[in-house]
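See below for the structure under consideration.
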Amino acid sequence: MSLDNIVSKIEGILRSKTKQGFVGIWEDEHKMIAAAHEARKAGCTKFDAITPFPMHAVDEAIGLKRSYIPWVTFIFGTAGCLFGIWFTWWTSAVDWPIIIGGKPMMSFPAFIPVIFECTILLAALSSVGALLFICGLPKVDPPVIDPDLTSHKFAIFVPEDDTFYDTQKLEKIFKDHGATDTRKTEF
């Protein structure tokens, strides 16, 4: 297998999977949020909002459920804490039992820093790993709907496989709520 084949195979795995759909673009975030509420009332279930900065009102408007990342963080943080307790006990009481300064084999206050660091390490690494997994990152060469979406514009993308996918009705909803541009695209 040549190097070009290996590189193309890796790019194929990392390349973002695109979908065809319909997009509306706004310059006012409040109008975009109103359009998202309207699209959801009309029956859209798989649509997405693209914003240049985090907006908590968008989550409610598109019906985004709470992420499970906090549960991943809690579970792996607890596992890190238990590992830290077990590791400090095992190293001081089982593997190398030395009495230093009359302290007991399991001197819990002395082990707090190690336990804390193990907790934070596993919680943080699992959070980042879960985020990368949920977002499908890394993505190579993702499609660009509009370059201004990273700066000052807002968009709603409705994929073709959504339960309510009718370009005329979507265009009417988007234009009625002040969309500056609507079109079919891939994302």
Of 51, 73, 88, the one that fluctuates the most in a GNM where the chain has Cα springs shorter than 10 Å
88
For q = 0.17 Å⁻¹, what log10 I(q)/I(0) does the range 1-135 give under the Debye formula with an equal point scatterer on each alpha carbon and no solvent?
-0.99
Name the residue, out of 104, 142, 70, whose mean-square fluctuation peaks in a Gaussian network model built on the chain with Cα pairs under 10 Å.
104
Would you mind ranking 32, 55, 106 so that the residue whose beta carbon has the fewest other beta carbons within 10 Å leads the list?
106, 55, 32
Trypsin sites (Lys or Arg not before Pro) in the range 1-94 lying in a DSSP loop, each with at most 15 other Cβ atoms within 10 Å of its Cβ, come to 17, 65, 66
Helix 3-14 axis, angle to the chain major axis (alpha carbon atoms, nearest 10°):
80
GNM top mover of 98, 33, 134 - the chain, alpha-carbon springs below 10 Å:
98
Other residues with Cβ under 15 Å from the Cβ of residue 161 give, with Lys and Arg +1 and Asp and Glu -1, a net charge of -1
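Exactly which trypsin sites (Lys or Arg not before Pro) in the range 109-187 are in a DSSP loop and have at most 16 other Cβ atoms within 10 Å? List each step's numbers first, then the result.
Values: sites: 139, 153, 169, 172, 175, 183, 184; in loops: 139, 153.
The qualifying sites are 139.
Regarding the range 69-135, what's the average projected area of the Cα-atom convex hull, expressed in nm²? It would help to have the intermediate numbers written out before the result.
Values: hull surface 18.7 nm².
Mean projected area of the Cα convex hull: 4.7 nm².
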Separation in nanometres of the label points that stand 7 Å from Cα toward Cβ, at residue 71 and residue 28:
4.0
Using alpha carbons only, how many degrees (0 to 90, rounded to 10) separate the axis of helix 29-42 from the longest principal axis of the chain?
80
For the chain, what is the calculated [θ] at 222 nm in deg cm²/dmol (nearest 500), taking -39500 (n - 2.57) for each run of four or more DSSP H residues and dividing by its residue count?
-16000 deg cm²/dmol
For the range 110-187, convex hull of alpha carbons as volume per residue, Å³:
167
Among the lysines, which have Cα under 30 Å from the Cα of residue 184 when same-chain residues fewer than 8 positions away are ignored?
9, 17, 19, 31, 41, 46, 65, 139, 153, 169, 172, 175
Mind pulling the angle between the C-alpha long axis of helix 167-176 and the longest principal axis of the chain? Nearest 10 degrees, somewhere in 0 to 90.
90
Within the range 29-112, list the chymotrypsin sites (Phe, Trp or Tyr not before Pro) lying in a DSSP loop whose Cβ has at most 12 other Cβ atoms in a 10 Å radius.
68
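Read-outs: derived from the displayed coordinates by stated rules, not from any lab. Small disclaimer: the values here were computed from a predicted structure and weren't measured. Positions of Cβ are generated from backbone atoms using ideal geometry, with glycine treated the same way; all protein chains shown enter the neighbour counts.
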